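**Student:** Structure in structure tokens, see below.
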Amino acid sequence: MDFKTADLCDTHADSAHFQIAEPGFLHYGGRTTFYGAISTVLAPEDNSLVRKALEEPGNGRVLVVDGGGSRRCALVGDQLALLAQKNGWAGVVVHGCIRDSEEVGRTAIGVQALGTHPRRSGKRGAGQRDVEVRFAGVTFQPGHFLYADADGIVTSATALT
């Protein structure tokens, strides 16, 4: 599907089921433009559940990782980005940091995050899967749809085709 988030905003911004994320996310993946059904992980400085999610078939979904905006560690790195690519995920949006940014940039998925940090996250099994998460002025709900490109991130309760 060819789309521009600006065009989606022009067409759907008045819909009650359409949301526009506040700016601040940077592009790190090999694809700037990506979209898919949303799956979520609440990951408080712990990427254990991020790995579990990305080990599953992605089927073109987008994993939205709510790291609370933490800039104290990375929640996604080159190994998880490659795992996401291998398992058919369209992209990953991280409300937090990633690492191994050069390698992540060579993957064929979209990856957006607030920044980079060289330190890996904890591995305590903390967090939750497929729950509603809220950041950047948007409520990300599993099963809704996310569209991202160079201009931003938008979500919709229904597919915008």
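**Student:** Quick check: is even one residue across the stretch 20-42 closer than 24 Å to G137 by Cβ, modelled with pLDDT under 95 and among the aliphatic types (A, V, I, L, M)?
**Tutor:** No, the conditions are met nowhere in the stretch 20-42.
**Student:** Another question, then. With respect to the numbered conditions (1) closer than 17 Å to L54 by Cα; (2) within 13 Å of the chain's Cα centre (by Cα); (3) open to solvent by 50 Å² or more (accessible area, probe 1.4 Å), which one is the sole condition not fulfilled by Q141?
**Tutor:** Single failed check for Q141: (1).
**Student:** I want to confirm something. Restricting to the stretch 91-106 and keeping residues that are more than 16 Å from D46 (Cα to Cα) and surrounded by 24 or more Cβ atoms within 10 Å (Cβ to Cβ), which single residue is farthest from the chain's Cα centre (by Cα)? It would help to see each step written out before you state the result.
**Tutor:** If we filter the stretch 91-106 for residues that are more than 16 Å from D46 (Cα to Cα), which is where we start, we get 91, 100-106.
Those still in the list that are surrounded by 24 or more Cβ atoms within 10 Å (Cβ to Cβ) too: 91, 104.
Numbers: G91: 6, V104: 13 Å.
So the residue we want is V104.
**Student:** Out of all the residues in the stretch 144-161, which are in contact with a His (Cβ under 9 Å, 6 or more places away or on another chain), more than 20 Å from I109 (Cβ to Cβ) and open to solvent by 40 Å² or more (accessible area, probe 1.4 Å)?
**Tutor:** Selection gives T158 alone.
**Student:** Take the stretch 38-68 and flag every residue that is among the aliphatic types (A, V, I, L, M) and either open to solvent by 20 Å² or more (accessible area, probe 1.4 Å) or assigned to a loop (DSSP other than H, G, I, E, B) (or both).
**Tutor:** The initial filter retains those residues of the stretch 38-68 that are among the aliphatic types (A, V, I, L, M), namely 38, 41-43, 49-50, 53-54, 62-65.
Across the stretch 38-68, the qualifying residues are L42, A43, L49.
**Student:** Continuing with this model, one more query. Cβ-Cβ distance below 8 Å, separation of 6 or more or different chains: which pairs start in the stretch 46-64 with a residue that is within 17 Å of A126 (Cβ to Cβ) and end on one that is open to solvent by 70 Å² or more (accessible area, probe 1.4 Å) and assigned to a strand (DSSP E or B)?
**Tutor:** Listed by first residue and then by second, the contacts come to N47/R120; L49/Q128.
One line per residue, one yes/no per condition, for (1) free of Cβ contacts under 8 Å to residues at least 40 places away in the same chain; (2) of a type in the set (D, E, K, R); (3) over 16 Å from F3 (Cβ atoms):
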position: I109; (1), (2), (3): no, no, yes
position: G115; (1), (2), (3): no, no, yes
position: G122; (1), (2), (3): no, no, yes
position: Q128; (1), (2), (3): no, no, yes
position: E132; (1), (2), (3): no, yes, yes
position: T139; (1), (2), (3): no, no, yes
position: Y147; (1), (2), (3): no, no, no
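The values are calculated or read from the model by the stated rules, or taken from the named source; none is laboratory data. Worth saying up front: this structure is predicted, and the values here are computed from it rather than measured. Quick reminder, even Gly has a Cβ in these numbers, built from the backbone with ideal geometry, and neighbours come from all protein chains shown. What goes into the accessible areas is simple: the full protein's heavy atoms, side chains included, and nothing from ligands, DNA or RNA. Shrake-Rupley method; radii C 1.70, N 1.55, O 1.52, S 1.80 Å.
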